[in-house]
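**Student:** So that we are looking at the same thing, I have put the structure below in structure tokens.
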Amino acid sequence: MPPSSNRETVRELLDADGRTYADEAHIHLRDTPQPLYQLLVLACLLSARISSGIALATSRSLTDSGLRSPRRMADATWQERVDALGRGGYRRYDERTATQLGDGAQLLLDTYGGDLRRLREAAERAEGDEITALRGLLREVPGLGPVGADIFLREVQGVWPEVAPYLDDKTLQGARRRGLPDEPKALARLAGDTDPATFAAALVRAALEKKKG
């Protein structure tokens with residue numbers, strides 16, 4: 001596809017699907033502890049085999065229930081977490097997820113004082129590639145796993161610029177479906193000044209959309 005056609009495809013993609021999952025979950029993402037934690041919880045929810053709509057509704061339900069920080073999550077009872085998950089429609093995995101959210105919150109409190117920016121700093125100090133280290137540390141959070149780590153990194157790159165461009169296999173799948181280059185650097189050039197998290201989210205939606213016909 002010619003470069004001009006690629007740019008037009010990117011514009012159409014962003015016009016249709018140019019919003020992050022954090023935005024949909026009403027998370028006002030900033031490089032501060034509470035919204036970063038809310039994003040981490042959202043990534044956990046989205047990584048399960050459940051619709052994104054239910055995961056987003058459940059993220060909003062947890063927020064509405066006051067479970068916005070590792071401390072509040074850890075201090076909540078298991079039943080309070082189950083109930084908040086259920087109000088969001090997250091019933092298939094509610095009991096297991098309630099346990100994982102409690103355990104994950106406690107891990108963050110014990111290891112990073114509840115502040116994911118300290119996890120980021122630990123990755124910076126690690127030997128080797130910083131992004132690989134960051135992904136590995138994220139995967140230590142119960143319930144996150146490799147899919148959840150990718151979701152978190154795709155969404156956080158707008159406020160953690162050293163992560164950008166984070167274009168994983170799912171985003172590249174979306175690029176191929178739209179006839180765009182599936183090489184991260186080429187894709188990043190096409191995105192131009194677009195927020196990298198917004199671009200990544202649009203590509204993910206392209207990968208997940210049902211084929212027509």
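The values are calculated or read from the model by the stated rules, or taken from the named source; none is laboratory data. Note that this is a predicted model, so its numbers are computed, not measured. We place every Cβ from the backbone using ideal geometry, glycine too, and count neighbours over all the protein chains shown. Just so you know, the surface numbers come from the protein's heavy atoms only, side chains and all, with ligands and any DNA or RNA stripped out. Shrake-Rupley method; radii C 1.70, N 1.55, O 1.52, S 1.80 Å.
**Student:** Return the sequence-ordered ³J(HN,Hα) values of the range 59-75 in whole Hz as given by the Karplus equation 6.51 cos²θ - 1.76 cosθ + 1.60 applied to θ = phi - 60°, using x for Gly and Pro.
**Tutor:** With coefficients 6.51, -1.76 and 1.60, one gets 4, 5, 5, 4, 5, 4, 7, x, 8, 9, 9, x, 5, 5, 5, 5, 7 Hz.
**Student:** Still on this structure: How long are the three semi-axes of the equivalent ellipsoid of the chain, in whole Å, if each is the root of 5 times an eigenvalue of the C-alpha gyration tensor, listed from largest down?
**Tutor:** 30, 20, 13
**Student:** Further question: Keeping all protein chains in the complex and leaving out DNA, RNA and ligands, what accessible area do you get for Asp15 with a 1.4 Å probe, in Å² to the nearest 10?
**Tutor:** Asp15 has an accessible surface of roughly 130 Å² with all protein chains in place.
**Student:** Nearest 500 deg cm²/dmol is fine: what mean residue ellipticity at 222 nm does the chain get from its DSSP H runs of n ≥ 4 alone, each adding -39,500 (n - 2.57), divided by its residue count?
**Tutor:** The helix-only estimate for the chain comes to -20000 deg cm²/dmol at 222 nm.
**Student:** On the protein heavy atoms, probe 1.4 angstrom, tell me the percent of accessible surface of the range 81-166 carried by carbon and sulfur.
**Tutor:** 43
**Student:** State in Å² the accessible area per residue of the chain; use a 1.4 Å probe, count heavy atoms of protein chains only, and round to the nearest integer.
**Tutor:** For the chain, the per-residue accessible area is 49 Å².
**Student:** Scan the chain and report its longest stretch carrying no GluC sites (Glu not before Pro) that are both in a DSSP loop and have at most 15 other Cβ atoms within 10 Å.
**Tutor:** With a cap of 15 other Cβ atoms within 10 Å, the longest stretch comes to 1-126.
**Student:** Also, I was wondering about something else. Could you identify which residue out of Pro161, Pro146, Pro196 has the top mean-square fluctuation in a GNM of the chain using Cα springs shorter than 10 Å?
**Tutor:** Pro161
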